[in-house]
1. Report every pair of residues separated by at least 6 positions or lying on different chains whose Cβ atoms are under 6 Å apart, first residue within the range 128-153 and over 30 Å from L44 (Cα atoms), second polar (S, T, N, Q) and in a loop (DSSP other than H, G, I, E, B).
2. State all residues of the range 102-123 that are open to solvent by less than 40 Å² (accessible area, probe 1.4 Å) and in contact with a Phe, Trp or Tyr (Cβ under 9 Å, 6 or more places away or on another chain); if no residue qualifies, say none.
3. Name the single residue, out of those in the range 72-83 being open to solvent by 50 Å² or more (accessible area, probe 1.4 Å) and in a loop (DSSP other than H, G, I, E, B), that is nearest to A59 (Cα to Cα).
4. Show the residue pairs meeting these rules: Cβ distance below 8 Å; 6+ apart or different chains; first residue within the range 71-93 and at positive phi; second residue open to solvent by less than 60 Å² (accessible area, probe 1.4 Å) and in a loop (DSSP other than H, G, I, E, B).
Amino acid sequence: MKPERFLETGMLVAVLEACALTTGCGGGSSGGSGTPPGPLTLSLSTSTVVAPQDGTPGAVGVTVSGASSASSVSVTASNLPMGVTSQFVPAAGGSGGTLSSIATSTTPSGTYSANVVVTDGARTASQPFVLVVAIAASVASAVDTTLGVGGKLEEFMSISFQPSEGNYQFFLNHTATEPTQLNKLGPQHIRLRRSARASP
């Protein structure tokens, strides 16, 4: 009986050693598959992006971490107002890039809440930012002669004219010239009032 137990024990040890070797080999091949990527995250270079209505791009830098590879990452913008488009240009290093928002003249000016969305396979991550659609104004070199006086802003404020009994006849006797002279003041506020007595 003792030799049999010895042989059984020896066979058991041999089987355990074989299993250990097999497990070790399996573990080595599994470890060669590489370390899985960490959580997918992103950060923005600024929290506010200004996109004028004249089409000038408003850019924000995007940094991505935990992606499987640079080629598998997709970066887009969401919740953009009507008329605004986005374009992403990857960086040379592959860890992110630049996302540009482009508005048009038909986009209503104002402040909007938008998001940058990064997709890597089935994983997604997002970061909010403020999009400001700014009014784009330009100054023309031409003169609009329909406004003001010959295209110039000339405003005058006058005091009240109070012709007395002794000189109010002057305006009545020079109706051909004096009203014309007064009209040359352009846009104005003039008040004519006849006074029965001369001012002290």
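The values are calculated or read from the model by the stated rules, or taken from the named source; none is laboratory data. Predicted, not measured: the structure shown is a model, and the values here were computed from it. Don't worry about glycine lacking a Cβ; one is built from the backbone with ideal geometry, like all the others, and counts go over all protein chains shown. In case anyone asks, the SASA skips ligands and DNA or RNA and just uses the protein heavy atoms, side chains included. Shrake-Rupley method; radii C 1.70, N 1.55, O 1.52, S 1.80 Å.
1. Here the result reads G151/T145, each pair linking the range 128-153 to a residue that is polar (S, T, N, Q) and in a loop (DSSP other than H, G, I, E, B).
2. Here is the first cut: in the range 102-123, the ones open to solvent by less than 40 Å² (accessible area, probe 1.4 Å) are 103, 107, 110, 114-118, 120.
Once the filter is applied, which keeps residues that are open to solvent by less than 40 Å² (accessible area, probe 1.4 Å) and in contact with a Phe, Trp or Tyr (Cβ under 9 Å, 6 or more places away or on another chain), the range 102-123 yields A114, N115, V116.
3. Filtering the range 72-83 for residues open to solvent by 50 Å² or more (accessible area, probe 1.4 Å) gives 74, 76, 79, 82.
Keeping just the survivors that are in a loop (DSSP other than H, G, I, E, B) gives 79, 82.
On the way: N79: 16, M82: 18 Å.
Taking the candidates together, the pick is N79.
4. G83/A103; G83/T104; G83/T107
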